[in-house]
Structures are given as C-alpha cells and as structure tokens.
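The values are calculated or read from the model by the stated rules, or taken from the named source; none is laboratory data. Keep in mind it's a predicted model, so treat the numbers as computed, not measured. Note: ideal-geometry Cβ built from the backbone for every residue, glycine included; neighbour counts use all protein chains shown.
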C-alpha cells in the first residue's frame, strides 16, 4: 500500500510544495511527471529532478475526530464544592463511552461527564463513577448538571423545556469523594487517553467552584443571554462567538480559550434557537453550539517526505508526484501556473479544483475520508473537505463511477486531462489555472488571457470566483464553459485555503442541511444554490443545470448526441459549423465510457426566466434521454406524473453561443460529457470541430 497528498493543488514557479507519503513498505520511489492525458490511456512525461529517487517508507495514520482542548486549565476547581453544567444533543448510539467534558489523565485523576455505551449519562471523579438509570434518546437537547457538596454528588439529566417528553432524571452518590487534580488539559467531545469520542452538539459548558441551588441551576439551564449566571462561572465557554475561527471563547474574561481540532461544524443551532432567524449574527447565543463527529478530518497531520521549490523552467500544466512500491503506483497531481502577473499563452484552462475537492474520496473506504457527498457516522451531512488528506480519486485514471452497463467512465480530473491532450494535439498554447487561484486573485488572474476555458464540471464556485469571471467578461474576455452543472453550489474557502465548505438547504443534493444551518461558518454567507442567491448560472453562461442521469445505485444513463438547430443558417454563428455537415449529429460517437453522445451525465439548458441573455443563440440540443434522466429538484414544484415523464422538454442539453456587449463572447456546451468526446478519432470529430471553431473565433477578436 502506498498513498499520500500534497499541501497544495496548484503552485507557481519558485513556490514550495510539500508531499506527505504513507506506505507499509520499507522504501518507495518518488519521481515527477507531466500529465498529458488520463483516458483512454495515461500519457505522462518524466521530469528529471534531483529530488527524484528512493525514500524511506513509513506508515502514517490519519488523525480522525473533532474535539476541543483547553490548555493549562486549573483542575483545582473540582477539589471542593462545584457545579458543572452543559447542554448536549447526542446524535449517535455507540458501543463505547462518549465523553462530553473530560480532563482524565493516565492515572485516572480528573473528571469526565458523558454518555455510556448504552446512552446513559455518567460522571466520573477519580474512582467515583455515577451513572444515570435511564438512557437518553438521541436527536434531542438535554441539560446535564453535576453538583457536589459535603460528599453529596448529584447527576441530573433534564430535557429541553420545549421537549414534550419532559425527561428529568436525578442520580445520587453518597460516597466520600477524594478528587485528585488532573495533569491533563480539559477536552470537549473526547477522552484523549482512550480516544473515545462524543458525536453530537455541545453547548454552554461551564464549571463553578460552588454548589448552585435548584433555582440557580434552573437559571443556568435557561440562560439564553449568557448574562444571568454563566459569566459568574469559574470557567465558561460561549460557542456562538467567533464562529468563523477555530477558537472557542472563554466568556468569563480569564483567557481560558479552547482550540478546535479536525474542524467540527459550527454555525449550527443550539438549545436557545427557536426558529426566529437563520443568521447567527442576529443572535449569537442562538448558535452557541458546535457539532462534533468522531470521523471529522481536516488535516491528516502527516509529516512531509519532500518539500521542493518548483523550478522556473517548468511550463504551466498538470504535474504529479509519482509514487511507486513494487507493482503499486499512486499519483499526487497538482497544477503549475505561470509566474504571477505573466502568461505564456492567450488561452487559460481553469481546472475546477473546488469540484475535485467536493468529490474527493467519494465512494472510497476509510474512516474519515469523506467527500461532500457523504454523511458522518451520525447521519449528518459532511459540509467540509480538505486537501490535507489523501484524495484517493483525484488521480489520472478512471474512478469508481459506472455507467448503467457497469463500465467505468471518465469524470472530473481524468476527463479534464482530455482537454489538455486536445489543446496539445490542436497546437493551441495554453496555461493552466485553478479555482483556488481564481478565488485568491479574482479578475486579475484572468486578465492575462483572451479566452478562459472551464473543465467538465465546475459545479462549486465562490462569490470571488463568480466576480472574477464576470469582471473578465466585462473587460472583453471570452469564456468557454465546456461542462455541465456548473457554477451551481455556493462554496467557501477557508482562510488557509485548504478546506472548502458547502451547506445544502436547497437544490439537488445528497443530504439536506438542518433547519437554521444553511449559512457558512467560514464567511457567514447564505449557502445553497447560487440560483437562490440571484446568481443562476444562466446569467453567466447562458445555460444552467436542468437534469441528471443517475440511478439510485450510482450508475449513470447513456449519453445522447446534439441535433443541430437552424442557427447554422444564421450569419452571426454560421462560421461555428465549418467542417460539420448540415443535419449531422454533433457528438454521435463513443465518448470516454458513457456511451454514444456528447451530452450526458448532468446537462444544462437555456432558461430566459433565469437570466439567459436575450442575444443567446442555441446551436444545437440533445434530447431523447433514457429514463435514468430526471429534472433537477429545483425545477420541480409538485410531485406528480408530469415531473416523471420521459419526454419532458426540459430534460435536454443546449449548446449556446452569445456575444457580450463588451467585445467578447461565451460558448457553452451544456454537458459534463462534452470534454470526454474531444479526442475521439484523433480529435477528428464534430465535438472537436465545433470547439475549435469557437475557440479560434474568440482568439481572432482582439481583447
């Protein structure tokens, strides 16, 4: 076994990139290659480098599970009378303990409050262990309170006042309590000695060095503002503050702040949220909760095996560190851009690295290796994915996705490499860019080029990316949207540019965000579809996502060719059909695994109501899709027979051209499968011809 990851997906000359590798072999070979094509055959060129050669192997484990730690906390608070309070919202039944708060050390000193393997609340202090008689049902808020006075220890679990189950359980212990302070930090959602994890939300953890009476405990449970009693605590943390950070604020003002690890989910509703707002800024206390998962992973925390500066002589393109052990080979791909502020061509190819990350590790085994299409172990949708982990399906080979005949087909990076091969074969010079760079640099990144071409599936886009492309078009630039289901999901990038975030309150989605949890924690932006934010892709590219061909067992229906429209007789676009016979179907041949046709997988259509420019011209349309293809959920208002009929006029892919008012133009393919047809028959085909005609026309116009 051998695998790894890099700390960047794109880099410029003279910038440093690091590679982390794990293998159970004693040694492995590392070299560098320039990737030219992934399908139907892998084409690569070896790049001689002094750093290439044999490296010592080592097995590196993933550091999985989110939690919070408070360093240097004063555990002396629990050597006398005390009160501990915390809200919990458990979301997973387990066969192991689920610690909520713990500072237990290797000697068994310290305390811990949590749930047993049967879901019963428990409290441990030294050798004393108190367990509630009743297990807590999951998916409900409970307030746990522990009080000690004169060796009388009480553990109480009480349901939320709005929960009609009216759960209230008290357990007592009258043994002599001898508390020895712990030498450990205080942790939320984990016991670092046993590595047991809590799965669920935690809110308002607080510790008092006094016994609180019943009235004060009632105030503590319902301290919605945090002002009534929590600020009088010895320790108290408000999870609603600084949501965009990985810091948990100490609300007592004593500086005992906590640090989060492995990116637990913030911007989630707490026990004080009553549905009045979906914006944390309206009431921070409504969102004073954090959702922890034992299979969260934002940083594998592997040690680097090689850090290297990209040589100045490397041309822009897609490269990879090639790892070899015996007969096993793995690739760690990355894009190389030209030096900042320069370009080596008039054409830029924009790799959709946000989409690569969104689908990274989809359908892959391995705890913690989650894509944005997965759920955590407790069933909650995964809103984050990071490049600081093995990205097992971002590789220059076919993945696990199959067509309905059970055959693997190209998608994402593997399909997009076909565009590089096509550009090379057509003698078109190009530079490679990435979503990460566009998010960082905006319009300035694109301003060096006449034409920017997208990959096959630029589904995930940030507001900075959209602003950058719009600015490029308004400055006279040309856009070739060569994919389908593009510019669909509102996407955020973390401050360190390693992790993307997506919330899914609407749209055609693998899971749905919980009520009130549709805003991003990185920026506070409204999540979901760009269509729901007034920026549907039709406004940008003329077409937008309308249908997909996926079955319930993740197999995709066959593609279809495009039927030419009568636009070939329109003088405005007649030159685009040069070399294509009248009446000839466009893309009527085998694609890279999805059958015969250039339109398939996920397809887009024109919609004037959603902003398709009035001057847009439909060059052709693909229709007659099989029964696997259905409309996107946002296209359907009601469930009835009409929304399931096979001959729905909205289940189609449109080829579109429109001139902008700024001297440029937009060409849109309207299908993920378009790029997978470019190289058929040595690039001598109708898809290649139409794409080449559109590109050369754009290049002739002076920007």
Assess whether residue 180 counts as being buried (at least 17 other Cβ atoms within 10 Å of the Cβ), in a loop (DSSP other than H, G, I, E, B) and more than 28 Å from the chain's Cα centre (by Cα).
-> no
Going by the conditions given, is residue 440 free of Cβ contacts under 8 Å to residues at least 40 places away in the same chain and not in a strand (DSSP E or B)?
-> no
Kindly indicate whether any position in segment 293-307 is in a strand (DSSP E or B), crowded, with 17+ Cβ neighbours inside 10 Å and in contact (Cβ under 8 Å) with a residue 40 or more places away in the chain.
-> yes
List the number of the failed condition for residue 447; all other conditions in (1) surrounded by 23 or more Cβ atoms within 10 Å (Cβ to Cβ); (2) more than 23 Å from residue 606 (Cβ to Cβ) hold.
-> (1)
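Residues checked against (1) assigned to a helix (DSSP H, G or I); (2) in the same structural domain as residue 282 (by TED's automatic domain parsing); (3) under 26 Å from the mean Cα position of the chain (by Cα); (4) surrounded by 24 or more Cβ atoms within 10 Å (Cβ to Cβ):
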{"residue": "524", "(1), (2), (3), (4)": "no, no, yes, no"}
{"residue": "538", "(1), (2), (3), (4)": "yes, no, yes, yes"}
{"residue": "544", "(1), (2), (3), (4)": "no, no, yes, yes"}
{"residue": "563", "(1), (2), (3), (4)": "no, no, no, no"}
{"residue": "567", "(1), (2), (3), (4)": "yes, no, no, no"}
{"residue": "572", "(1), (2), (3), (4)": "no, no, no, no"}
{"residue": "575", "(1), (2), (3), (4)": "yes, no, no, no"}
{"residue": "581", "(1), (2), (3), (4)": "no, no, no, no"}
{"residue": "584", "(1), (2), (3), (4)": "no, no, no, no"}
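With modelled with pLDDT of 95 or more and at negative phi as the only criterion, which of 95, 79, 45 stands out?
Working: 95 fails: modelled with pLDDT of 95 or more; 79 fails: modelled with pLDDT of 95 or more.
The conditions single out 45.
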Every residue from segment 4-31 that is crowded, with 20+ Cβ neighbours inside 10 Å and more than 18 Å from residue 436 (Cα to Cα) | 4, 19, 20, 21, 22, 23, 28, 30
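Right, residue 448: more than 30 Å from residue 197 (Cβ to Cβ) and not in a helix (DSSP H, G or I) or not?
On the way: more than 30 Å from residue 197 (Cβ to Cβ): yes; not in a helix (DSSP H, G or I): yes.
Yes, satisfied.
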The condition from (1) in contact (Cβ under 8 Å) with a residue 60 or more places away in the chain; (2) crowded, with 19+ Cβ neighbours inside 10 Å; (3) in a strand (DSSP E or B) that residue 267 misses is numbered (3)
Evaluate the following for residue 636: is it free of Cβ contacts under 8 Å to residues at least 24 places away in the same chain and in contact with a helix residue (DSSP H, G or I) (Cβ under 7 Å, 6 or more places away or on another chain)?
-> yes
If residue 209 passes every condition in (1) under 17 Å from residue 103 (Cβ atoms); (2) buried (at least 21 other Cβ atoms within 10 Å of the Cβ); (3) in contact with a helix residue (DSSP H, G or I) (Cβ under 6 Å, 6 or more places away or on another chain) but one, which one does it miss?
-> (2)
What number goes with the only condition from (1) more than 26 Å from the chain's Cα centre (by Cα); (2) buried (at least 17 other Cβ atoms within 10 Å of the Cβ) that residue 287 does not pass?
-> (1)
Answer yes or no as to whether residue 189 is outside the structural domain of residue 378 (by TED's automatic domain parsing), at pLDDT below 95 and crowded, with 23+ Cβ neighbours inside 10 Å.
-> no
Out of all the residues in segment 546-561, which are in a loop (DSSP other than H, G, I, E, B) and either touching a strand residue (DSSP E or B) at 6+ places or on another chain (Cβ under 7 Å) or under 21 Å from residue 588 (Cα atoms) (or both)?
-> 549, 557, 558, 559, 561
Positions within segment 138-156 being more than 17 Å from residue 111 (Cα to Cα) and modelled with pLDDT of 95 or more, in sequence order | 138, 139, 140, 141, 142, 143
Restricting the search to segment 136-165, which residues are more than 38 Å from the chain's Cα centre (by Cα) and outside any strand (DSSP E or B)?
-> 150, 151
Of the candidates 364, 389, the one satisfying the condition of being in the same structural domain as residue 599 (by TED's automatic domain parsing) and buried (at least 19 other Cβ atoms within 10 Å of the Cβ) is 389
Filter segment 396-431 down to residues that are modelled with pLDDT of 95 or more, surrounded by fewer than 24 Cβ atoms within 10 Å (Cβ to Cβ) and either in a strand (DSSP E or B) or within 19 Å of the chain's Cα centre (by Cα) (or both), then give me how many there are.
-> 1
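Report whether or not residue 388 is closer than 22 Å to residue 334 by Cα and in a loop (DSSP other than H, G, I, E, B).
Spelling it out, residue 388 is indeed closer than 22 Å to residue 334 by Cα and in a loop (DSSP other than H, G, I, E, B).
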